[in-house]
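Visitor: Just dropping this structure here.
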Amino acid sequence: MKAISYSRYGGPEVLAFGEVRDPKVGPDAVLVKVRAAAVNPVDWKAREGYLEGTLEAVFPVVPGWDVSGVVVRPGVAVSEFDVGDEVIGYVREDFLSRGTFAEYVAAPLRTLARKPRNLSFEEAAGLPLAGLTAYQVLIKRLRVRRGETILVHAAAGGVGSLAVQLGVHLGARVIGTASESNHDFVRRLGGEPVTYGDGLGDRVRALAPQGVDAVFDTVGGDALKASANLLAPEGRLVSIADGDVVNYGGRYYFVRPDPEDLQRLSDLAEEGVVSVHVSETFPLERAADAHRLNQEGRTRGKIVVTVDWEQENA
Ligand SMILES: NC(=O)c1ccc[n+]([C@@H]2O[C@H](COP(=O)([O-])OP(=O)(O)OC[C@H]3O[C@@H](n4cnc5c(N)ncnc54)[C@H](OP(=O)(O)O)[C@@H]3O)[C@@H](O)[C@H]2O)c1
């Protein structure tokens, strides 16, 4: 099959488009014909070798953990999905090897849910990793409750844009950091935008003089530091970007594949509670450009790569 792969760590230029061996389908996995795969910062961090200390790379590595597509072959012990079912997945293993930037991916059941019917494949591909992160942090870790005020960093980004919508759905008032050009976007998601950088603390205090009940840090560094001072008494703090969060009394979190959470998220998308904003799509062959663009750190919503099956079949 055709796929994007890299055989050594490095910049976007190590990504090559070409033939790789077909995936094998385990007993409790399904073979998914990939329609779209979203880009996440972890993809280029892994490609650069930043995760070397935690995740083993089995080269050549096919990048990508997010997918939307169609089941073409269920594993021998699978009764949950049939051929033709449309699915989404956060296809993360405990090592880097066979990702979603490919024509096909073998996805274990624990990574899958049904695709929301009202979302395009491109939109649906942007939901799993970013959406699960927002869902698990807000609901399971921060336990956001109705009437609370929360602060979400990088509110216009992949995780942040979904966290704002989920926070609003949970009945919270959501303050979200973003640059000026994204303020209208954050407002449309239901959040109250504040500009990040110097003076962030004062701007948040102007909106929430008593401080905020919970902070979802997706940026780390100065944003984390400023956040710790903005917490109301008993306020909760979780970071997905900076392990130093423990020094501020908070917890670090890393998103987990969870089929029940993912199905719930898919249902919320189908109910119109959360939507995915796709800012840019690239054909699979141009995955390196998709990585480059995300690596600039200014993505609004999600960047997605697509497999053009019509062209393949022509
Ligand atoms: N631990 C985990 O489980 C986990 C899971 C998912 C993601 N992450 C990490 O969380 C981070 C965010 O992920 P993502 O997918 O949301 O990234 P993303 O979509 O690439 O984020 C891009 C957004 O970040 C905003 N931004 C950049 N610098 C900012 C700053 N200093 N303050 C506030 N906003 C800023 C940009 O907004 P403007 O254009 O308005 O500046 C842009 O909208 C990444 O580091 C990623 O690796 C961790």
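Visitor: List the chymotrypsin sites (Phe, Trp or Tyr not before Pro) in region 1-105 that DSSP assigns to loop (not H, G, I, E or B) and whose Cβ has at most 16 other Cβ atoms within 10 Å. Which are they? Show your work: numbers first, answer last.
Guide: Values: sites: Tyr6, Tyr9, Phe17, Trp44, Tyr50, Trp65, Phe81, Tyr90, Phe95, Phe101, Tyr104; in loops: Tyr9, Tyr50, Trp65, Phe81, Phe101.
When the chymotrypsin sites (Phe, Trp or Tyr not before Pro) of region 1-105 are filtered for loop state and at most 16 Cβ neighbours within 10 Å, Tyr9, Tyr50 remain.
Visitor: Here is a follow-up. Given the options Lys24, Lys33, Lys302, which has the most mean-square fluctuation in a GNM of the chain, springs set between C-alpha atoms less than 10 angstrom apart?
Guide: Most flexible of the set in this elastic network: Lys24.
Visitor: Between Asp94, Asp66, Asp184, find the one with the highest GNM mean-square fluctuation for the chain; connect C-alpha pairs within less than 10 Å.
Guide: Checking each option, the largest mean-square fluctuation is seen for Asp94.
Visitor: Show me, for region 135-152, the HN-Hα J-couplings you get by feeding each phi into the Karplus relation (A = 6.51, B = -1.76, C = 1.60, θ = phi - 60°), rounded to Hz, glycine and proline as x.
Guide: So the J values, rounded to whole Hz, are 5, 5, 6, 5, 8, 8, 9, 7, 6, 5, 10, 3, x, 7, 10, 10, 10, 10.
Visitor: Give the accessible surface of the chain per residue, rounded to a whole number of Å², with probe radius 1.4 Å and ligands, DNA and RNA excluded.
Guide: Numbers: 13730 Å² over 314 residues.
With all protein chains present, the chain gives 44 Å² per residue.
Visitor: Now for a separate question. Once the other residues with Cβ under 12 Å from the Cβ of Gly211 are scored (Lys, Arg +1; Asp, Glu -1), what is the net sum?
Guide: Details: positive: Arg205, Arg236; negative: Glu148, Asp213, Glu234.
Summing Lys/Arg as +1 and Asp/Glu as -1 gives -1.
Visitor: Moving to a separate point now. Just how far, in whole angstrom, is region 96-118 from region 251-314 if you go by their alpha carbon centroids?
Guide: 12 Å
Visitor: Report the net charge of residues surrounding Trp65, where surrounding means a beta-carbon distance below 14 angstrom and charges are Lys +1, Arg +1, Asp -1, Glu -1. Don't skip to the end; give the middle numbers.
Guide: On the way: positive: Lys45, Arg47, Arg92, Arg98, Arg110, Arg256, Lys302; negative: Asp43, Asp66, Glu93, Asp94, Asp258.
Net charge around Trp65: +2.
Visitor: Taking all protein chains as present, what is the carbon and sulfur share of the accessible area of region 130-252, in % to the nearest whole number, probe 1.4 Å?
Guide: 46 percent
Visitor: Here's something else I'd like to know. Across the chain, how many lysine pairs, 8 or more positions apart or on different chains, have C-alpha atoms separated by under 26 Å? Please give the number.
Guide: Summing the qualifying lysine pairs gives 17.
Visitor: In terms of solvent-accessible area of protein heavy atoms at a 1.4 angstrom probe, what is the ranking of Glu48, Glu103, highest value first? Walk me through the intermediate numbers first.
Guide: Numbers: Glu48 50, Glu103 15 Å².
Descending order: Glu48, Glu103.
Visitor: Once you list every other residue whose beta carbon is under 11 Å from the beta carbon of Tyr196, what net charge do they have if Lys and Arg are +1 and Asp and Glu are -1?
Guide: Overall, the nearby charge balance is -2.
The values are calculated or read from the model by the stated rules, or taken from the named source; none is laboratory data. As the structure is a computational prediction, the values presented were derived from the model and not from experiment. Positions of Cβ are generated from backbone atoms using ideal geometry, with glycine treated the same way; all protein chains shown enter the neighbour counts. Protein only, heavy atoms only, side chains kept; ligands, DNA and RNA dropped before computing areas. Shrake-Rupley method; radii C 1.70, N 1.55, O 1.52, S 1.80 Å.
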